[in-house]
Structure formats: C-alpha cells, structure tokens
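For reference, the structure is listed below as structure tokens.
The values are calculated or read from the model by the stated rules, or taken from the named source; none is laboratory data. Bear in mind that the values here come from a model prediction, so they are computed numbers and not experimental data. A quick note on method: Cβ atoms are made from the backbone with ideal geometry, for glycine too, and the neighbour counts reach across all protein chains shown.
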Amino acid sequence: MIELERTFLAKYLPEGLKNGKRKEIIDIYIPKSQIHPKIRIRKNGDKFEMTKKQPVHDHDKSKQKEQTIILTEEEFNELSKLDGKRVRKIRYFYDFNGNIAEFDVFQDELKGLVLVDFEFEDETKKDDFVIPDFCLADVTNEESIAGGMLCGKSFKDIEDNLKKFNYRPLD
C-alpha cells in the first residue's frame, strides 16, 4: 500500500480537540541500533500491528510504501520485549474541512511536541492542500521529525532542531 501523508508542527491545539475521539499509541522501533529504524511495533488503542515504511523516493517522504501485519495482543507483548526505541503519544482526531487531522500529542520525555498528520486519497489533493492556521510548518520531509527518529529521544534532544521553525512546546 502507498501512503500519501503530510506532517506539520502544531502552532496551537484547536478548541474542543481534547473533547473528541482519541486513543493512546505506543510505538517500539527496531532494531534499536539503527539511527532511523524502519520497523515499528505498535499498540494502537486496542489494536496491535507491525509496520515497515520506506519512502518511494528518497527526496519525498510524503509518499511511502507501507507493509503492515496485524498482531494479536499476545504477539505484541512478546515482540515488545525486544530492545527497541519507544515513544508514547495520545492521538486526537479532528475534523477540518472534510479532512481528518490526527494530532499526536507526545507524552513522557517528548512532552511538548505536537505533530499533525493528514492523509490523502491522491497526489493532487496532497499537493493542493492548504495548511490550516493551527499548523506552524510542514515537516513532512524533515528526517529528524520522523517517528523512527523521534523514538527514544527527549524534547531537549530535538529542541535545537525545532527552533528553526520557531516552535514553542504545547500542552
């Protein structure tokens, strides 16, 4: 499956966001020894999966080949014993002009970081998308903001990189 997605740093959280649908996500990226692991084990609410993502083109991270295997909770629990890089976030779903914005509010060591993802049906819709006011900057192609690069880090670890976007931590 090809995933068409754009990722933004959040400027602010829209009113009512935290009253809507949400779920906890725990990601474990393996192998831990890689700078940017491509394999992810995920607890997604009450669902479990293993995913491998690879950019279709090196220069454009908005189009990725995604392979996913559905796991049972038992399989996830066994695989989660592997030594991987971990991250936890609360994902909020927000309707914006007929598109669903997925706000990832990072927890624990990355508290203060909020990313917003939009997925698209086709490349034209992705390319023509107008950035909402609640988004600060498009970071789709910022390698340092990718999930596999964020896992295992703290906000302090990425703070200098975020300064170039004038990003301010959010609650």
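Things to note:
- The residue list Glu49, Glu24 contains one member that is touching a residue at least 40 places away in the same chain (Cβ under 8 Å), at negative phi, part of a strand (DSSP E or B) and among the acidic types (Asp, Glu), which is Glu24.
- When Ile100, Ile70 are checked against the criterion of being assigned to a strand (DSSP E or B), exposed (fewer than 12 other Cβ atoms within 10 Å of the Cβ), of a type outside the set (S, T, N, Q) and without any contact (Cβ under 8 Å) to a residue 60 or more places away in the chain, a single residue qualifies: Ile70.
- Residue pairs meeting the criteria (Cβ under 7 Å; at least 6 apart or on separate chains; first more than 18 Å from Lys89 (Cα to Cα), in the stretch 152-164; second surrounded by 10 or more Cβ atoms within 10 Å (Cβ to Cβ)): Asn161/Ser144
- Only one of Gly147, Gly152 that is crowded, with 18+ Cβ neighbours inside 10 Å and touching a Lys or Arg at 6+ places or on another chain (Cβ under 8 Å): Gly147
- Residue within the stretch 119-142 that is modelled with pLDDT of 90 or more, within 15 Å of the chain's Cα centre (by Cα) and within 21 Å of Glu49 (Cα to Cα) present: yes
- Of all residues in the stretch 63-106 being aromatic (Phe, Trp, Tyr) and in contact with a Pro (Cβ under 9 Å, 6 or more places away or on another chain), the one that is farthest from Ser154 (Cα to Cα): Phe96
- Of everything in the stretch 103-118 that is aromatic (Phe, Trp, Tyr) and either over 18 Å from Ile28 (Cβ atoms) or modelled with pLDDT under 95 (or both), the residue that is surrounded by the fewest Cβ atoms within 10 Å (Cβ to Cβ) is Phe118.
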